[in-house]
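Asker: My questions all concern the structure below.
The values are calculated or read from the model by the stated rules, or taken from the named source; none is laboratory data. Here the structure is a predicted model, which means the values were calculated and not measured. When we count neighbours, we look across all protein chains shown, and the Cβ atoms used for this are built from the backbone with ideal geometry, even at glycine.
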Amino acid sequence: MKKTIKSIVMLFAASVFILASCSTDKEIADVELTVINPTTTSFFVGEILKVKVTGKGNEDNKLKTLKVTKAVTGSATVTLDDIKASGTDLVYDLEDTLKTADKGTVTYTFVLTGEEGTAQTKTLTITVAEENFIEETGTAIQMFGHLNDGPRFCNLATFATYSLDVATQDSNKILKENVDLVSYYGTSNKFTLSSPDDAVMQGLYTGLSSFWTSGAARKTGLVKITGNAKFSEVAAPGTDRLLVPLASGKTYGQTTTNVVANDLILFKTQEGKLGLISIKSVTGSSASDAQVQFDGLVQK
């Protein structure tokens, strides 16, 4: 009987020990990291990137360190800050003046560690460009439907226009080296501005098939934009300060169809120059009488 009682007492004591051990094995929450990103991810050399970072720990997991690094594509990663933290709250303000060496894609990495648990990591990626001057057309550019007798081809670096007979002189020399934009009028697409490598446009310019299909045609990206952008506002700074963010993230195609007055059309030339076209007027209702007038600007 005594032996049985002794066994029960020992079993009870073991159970109490196990329960006590379990009760002290408390799960510790990880620290929390918040990065308040800027309203834009497109910057120019000379601008200041400002980012607010907050860290949150808890009574069982105090903050330990915050490390901030910066990596420009093609260059080594550098450490901007390595801060010793304490307590449960941290507020950190990053201000980085962007330099010429930062041109391209820049990635900032923020790593917050606590005394316990897993470190928390957040990244911010921006693009940095050199501010360029822009050049405007000054006077409206005029282009015609593909059967109308007038300029139907345009160079978007200078906004010079060419008629068919001029563009095709010397074995299509101008078509091959200068033309970025072609105009035509179609039954379905109405007045259209096109990249020289667009197949639909090529089919309408009969007699030039050997040139088009040779692969010699230049390539231009085109896209209509919507929203509150105004040509005059984009042009006002005299630089591409407003043009570059306007073009950011856009998907370019080979044509802009059904062009009408007040349309805004972004373009990117084969050399990568960005520009903007503002349609002033479109007249005519056939390939033989249609014409368009537009203002333009382009990066220099």
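Asker: Output the residue which, of all residues in region 262-279 that are part of a loop (DSSP other than H, G, I, E, B) and of a type outside the set (Ser, Thr, Tyr), is surrounded by the most Cβ atoms within 10 Å (Cβ to Cβ).
Answerer: Only one residue tops the list, namely Asp263.
Asker: Right, another one. Could you grab me the full set of residues in region 182-235 that are in contact with a Gly (Cβ under 8 Å, 6 or more places away or on another chain) and either farther than 22 Å from Ser171 by Cβ or not assigned by TED's automatic domain parsing to the domain that holds Ala167 (or both)?
Answerer: Matches in region 182-235: Ser183, Tyr184, Tyr185, Phe191, Thr192, Val200, Gly221, Leu222, Val223.
Asker: Can you spot a residue in region 292-300 that is modelled with pLDDT under 95 and in a loop (DSSP other than H, G, I, E, B)?
Answerer: There is at least one residue in region 292-300 that is modelled with pLDDT under 95 and in a loop (DSSP other than H, G, I, E, B).
Asker: Exactly one condition in (1) in contact (Cβ under 8 Å) with a residue 60 or more places away in the chain; (2) closer than 30 Å to Val128 by Cα; (3) assigned to a loop (DSSP other than H, G, I, E, B) is false for Val259; which is it?
Answerer: (2)
Asker: What number goes with the only condition from (1) more than 27 Å from Ser232 (Cα to Cα); (2) at pLDDT 95 or above that Val179 does not pass?
Answerer: It fails just one condition, (1).
Asker: Okay, moving on. From the list Thr127, Thr168, Thr137, Thr97, which residue is hydroxyl-bearing (Ser, Thr, Tyr) and at pLDDT 95 or above?
Answerer: Only one candidate qualifies: Thr97.
Asker: Among the numbered conditions (1) within 29 Å of the chain's Cα centre (by Cα); (2) part of a helix (DSSP H, G or I), tell me where Ser171 comes up short.
Answerer: Result: Ser171 fails condition (1) only.
Asker: Could you run through region 81-114 and say how many residues are touching a residue at least 24 places away in the same chain (Cβ under 8 Å), surrounded by 14 or more Cβ atoms within 10 Å (Cβ to Cβ) and either over 26 Å from Gly249 (Cα atoms) or outside the structural domain of Val53 (by TED's automatic domain parsing) (or both)?
Answerer: The number of residues fulfilling the criteria is 8.
Asker: Determine, yes or no, whether Val244 is in a helix (DSSP H, G or I) and either in contact (Cβ under 8 Å) with a residue 40 or more places away in the chain or under 14 Å from Asp180 (Cα atoms) (or both).
Answerer: Yes: the conditions hold for Val244.
Asker: While we're looking at this one, here's another question. Being in contact with a strand residue (DSSP E or B) (Cβ under 8 Å, 6 or more places away or on another chain) and exposed (fewer than 15 other Cβ atoms within 10 Å of the Cβ): is that true of Val282 here?
Answerer: no
Asker: Let me ask something else about it. Can you name the residue in region 140-188 that is in contact with a helix residue (DSSP H, G or I) (Cβ under 8 Å, 6 or more places away or on another chain) and within 15 Å of Asp289 (Cα to Cα) and is also surrounded by the most Cβ atoms within 10 Å (Cβ to Cβ) among such residues?
Answerer: Looking at the filtered set, the residue picked out is Tyr184.
Asker: Among Asp263, Asp295, which is out of contact with any helix residue (DSSP H, G or I) (no Cβ under 8 Å at 6 or more places or on another chain), farther than 22 Å from Ser42 by Cα and outside the structural domain of Ser42 (by TED's automatic domain parsing)?
Answerer: That would be Asp263, the only listed residue that is out of contact with any helix residue (DSSP H, G or I) (no Cβ under 8 Å at 6 or more places or on another chain), farther than 22 Å from Ser42 by Cα and outside the structural domain of Ser42 (by TED's automatic domain parsing).
Asker: Give me the pairs, please: first residue somewhere in region 40-65 and surrounded by fewer than 16 Cβ atoms within 10 Å (Cβ to Cβ), second residue anywhere and among the acidic types (Asp, Glu) and in a strand (DSSP E or B), beta-carbon distance under 6 Å, and either six or more positions apart or on two chains.
Answerer: From region 40-65, the pairs are Ile48/Glu95; Lys50/Glu95; Lys52/Asp93.
Asker: Please go through region 176-193 and pick out each residue that is touching a strand residue (DSSP E or B) at 6+ places or on another chain (Cβ under 7 Å), over 18 Å from Gly284 (Cα atoms) and either touching a residue at least 40 places away in the same chain (Cβ under 8 Å) or of a type in the set (Gly, Ala, Ser) (or both).
Answerer: Asp180, Leu181
Asker: Just wondering, is there one or more residues in region 125-144 that are closer than 18 Å to Asp198 by Cα and touching a residue at least 24 places away in the same chain (Cβ under 8 Å)?
Answerer: Looking for residues that are closer than 18 Å to Asp198 by Cα and touching a residue at least 24 places away in the same chain (Cβ under 8 Å), one finds at least one in region 125-144, hence yes.
Asker: From the residues in region 66-86 that are part of a loop (DSSP other than H, G, I, E, B) and hydroxyl-bearing (Ser, Thr, Tyr), which one is farthest from the chain's Cα centre (by Cα)?
Answerer: Once the filter is applied, the top-ranked residue is Ser86.
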